[in-house]
Amino acid sequence: MSRKLQPLDASTNRRSLMRKGVAVGAGTIGVGLLSNSLVFAAGNNSTKATKGDVAILRYLAAIEIIESDLWQQYNELGGIQDKEVPGGSGNALYTTAIQVLDSDMSQYIHDNTEDEISHHTFLNAYLTSKGFSPVNLDQFRTLPSSKASGAQQIGRLTNLMQLTVDTSWWTRYRSRTKNPDFGDTFPQAIPGLSKGKFPAIPRNDGDLTPHNHIQAIANTAGFHFGFIEQGGTSLYPQLAQRVTSPEVLRIVLSIGPTETMHFQTWSDKAGNAPPLTDPTNGLVFPDLNASPFGGEDFQTNLIMPEPTIFLSRGLPVVSIIRPTQTKGAALATLNAFIADGLFIGQTPQFFAALRDLADQADKAQHGS
Ligand SMILES: [Fe+2]
């Protein structure tokens, strides 16, 4: 930890780290050596921030880069291709299947993608403006693209073709009596998706038929959208509790709710996924409004959080984001993404780099 005494630019740091065979997020070592209390110049004002604040921003930048990578893949095949989100050329059959969930799905996919790109671009630019290295994961863009018509053939950070999607967010936000911060667990909306490995984008043009197969892929995407964005919905309030600088808190509190806007949109659209069985692999999307599902925990027109227990069972139920418990939140989010299958095929160096960023963020404490 004595190699770098001050923040260096990302490329210098990366070269140095790669020479030594240590793959960590660029700038981590430099940041780790800085004193606890730093003065950030902010226009005519100054605002004190800590190395914990920097660690939180760097971890969030990494998560946003990862989100951008996966959303980009969705947009290339099912979104709108334009100068705001360039790269793909669209896949008509996948797009048609996605639009069964809502005729505006392509617009929403595009806008979610643009939002995530703006998040990591801003976070990295802010870090740079304060003298810290931006997070750069380019060396890990090694995973293959979909071979389906419409996708770019470039290296990716994430894998959308072998997902195991935790769909318990669906019932978690509909429960009036349980909260994950109390240790409660929640049933899966789509039990089949939580086991096995399923594509959320067509792997190649062979996945475009039969009809119920490509629709199952689109349905998987619909529930995966909700999984990803509920993660961001919790992550920002979880980490905000350990931020020190008012300006960094303002950043976290201003970006976080946009993740929630995404989440509610996807929560609504997932409910429109048509019930079906994929004839190629047996994956079942049940009718969530029918027995043995149905009722408050499953009904598809509930798109706002049901009030539930919070802080103490003795207090009234309240409509809240959940979970928001802060301890270990960065690593928990990373582990949820790993369990999702998002990084299948990634290198040990990638996991080490992400765990390091998460560990640093989880060491951050408010006021220190
Ligand atoms: Fe984001």
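Just give me the residues in segment 329-361 being within 14 Å of Leu239 (Cα to Cα) and within 17 Å of the chain's Cα centre (by Cα), in sequence order.
Scanning segment 329-361 gives Ala329, Ala330, Leu331, Ala332, Thr333, Leu334, Leu357, Ala358, Ala361.
Is it true that some residue in segment 291-303 is outside any loop (DSSP other than H, G, I, E, B) and in contact (Cβ under 8 Å) with a residue 40 or more places away in the chain?
No, because not a single residue in segment 291-303 is outside any loop (DSSP other than H, G, I, E, B) and in contact (Cβ under 8 Å) with a residue 40 or more places away in the chain.
Mind checking which residues of segment 147-184 are hydroxyl-bearing (Ser, Thr, Tyr) and assigned to a loop (DSSP other than H, G, I, E, B)?
Ser149, Thr158, Thr164, Thr167, Tyr173, Ser175, Thr177
Mind listing just one residue for me: the one in segment 131-150 that is hydrophobic (A, V, I, L, M, F, W, C) and more than 21 Å from Phe337 (Cβ to Cβ) and, of those, modelled with the lowest pLDDT?
Looking at the filtered set, the residue picked out is Phe132.
Just name the residue that is surrounded by the most Cβ atoms within 10 Å (Cβ to Cβ) out of those in segment 251-277 that are farther than 15 Å from Trp169 by Cβ and more than 16 Å from the ligand (Cβ to nearest atom).
Of everything passing the filter in segment 251-277, Leu276 is surrounded by the most Cβ atoms within 10 Å (Cβ to Cβ).
Taking segment 143-167 as the search range and keeping residues that are more than 17 Å from the chain's Cα centre (by Cα) and closer than 23 Å to Pro348 by Cβ, which one is surrounded by the most Cβ atoms within 10 Å (Cβ to Cβ)?
Out of the qualifying residues, it is Leu143.
Could you please tell me which pairs satisfy a Cβ distance under 9 Å, a separation of 6+ or placement on different chains, a first residue in segment 129-142 that is crowded, with 19+ Cβ neighbours inside 10 Å, and a second residue that is modelled with pLDDT of 95 or more and part of a loop (DSSP other than H, G, I, E, B)?
Leu137/Leu157; Phe140/Gly155; Phe140/Leu157; Phe140/Gln346; Phe140/Thr347
The values are calculated or read from the model by the stated rules, or taken from the named source; none is laboratory data. This one's a predicted model, so the numbers in the text were calculated from it and none came from an experiment. Because the Cβ atoms are built from the backbone with ideal geometry, glycine has one as well, and the counts that use them run over all protein chains shown.
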